[in-house]
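Input: a single structure, listed below in structure tokens.
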Amino acid sequence: MLTFMAKDIFIIDDKKELVDTLRNLFIDQDYDFKTVSTDDLEIALKNIPSMIIIDEDNIEKDIIELTSIIKSNEDNSITPVIIISSNYEKEHRVKVLSNSVIYYILKPIYEQYLYHTVINIINLLEVNRRVSPLTGLPRKCSNTSRDEKKAFE
């Protein structure tokens, strides 16, 4: 399994109900789940989390407004966002997903689905951080390897 450098995962949940579930679910992982209220979001976003999970049922703000705040923050524009909600309305889910949300997970939470979704996103982030966007080679490759790759293009 890949190890991930930044392990802060913010849970936006004004009622603070989701964090215990996640901590228990990820007890074998070294992630730091931090509960953030919608009122403290601007302050929290200065810390640039690895991922943000929002319990839509337990927030005071509109979910579209909240995700817009997150995505408009320059440092967090690419931070993966997962929404957990009991809203089954298809139009609502599409509207939320079209606002740069990565996943929309319906309640009741199927814990293994949530677990593997988070793990897969974290692993993907780790791989993306280890690969150079310019050459497609691992960042630790020597210049010789990069030159050889360019010669074959």
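Since every read-out is calculated from the coordinates, none of them should be taken as a lab result. None of the values given here were measured: they were computed from a predicted structure. Neighbour counts run over all protein chains shown; Cβ positions are idealised from the backbone, glycine included.
What does the charge count near Ile70 come to, summing +1 for each Lys or Arg and -1 for each Asp or Glu among other residues with Cβ under 12 Å from its Cβ?
Summing Lys and Arg as +1 and Asp and Glu as -1 gives -2.
List every residue whose amide H lies under 5 Å from the amide H of Ile105, counting only residues 5 or more places away in sequence or on a different chain, with H placed 1.01 Å from N in the peptide plane.
Those lying under 5 Å, H to H, from Ile105 are Ile83, Ile84, Ser85.
Setting aside same-chain residues fewer than 8 positions from Lys90, which aspartates and glutamates have a Cα under 19 Å from its Cα?
Partners within reach: Asp55, Glu56, Asp57, Asp62, Glu65.
Got a sec? How would Val94, Val118 order by Cβ neighbour count within 10 Å, fewest to most? Numbers along the way, then the final one.
Details: Val94 11, Val118 22.
Going from least to most buried by this count: Val94, Val118.
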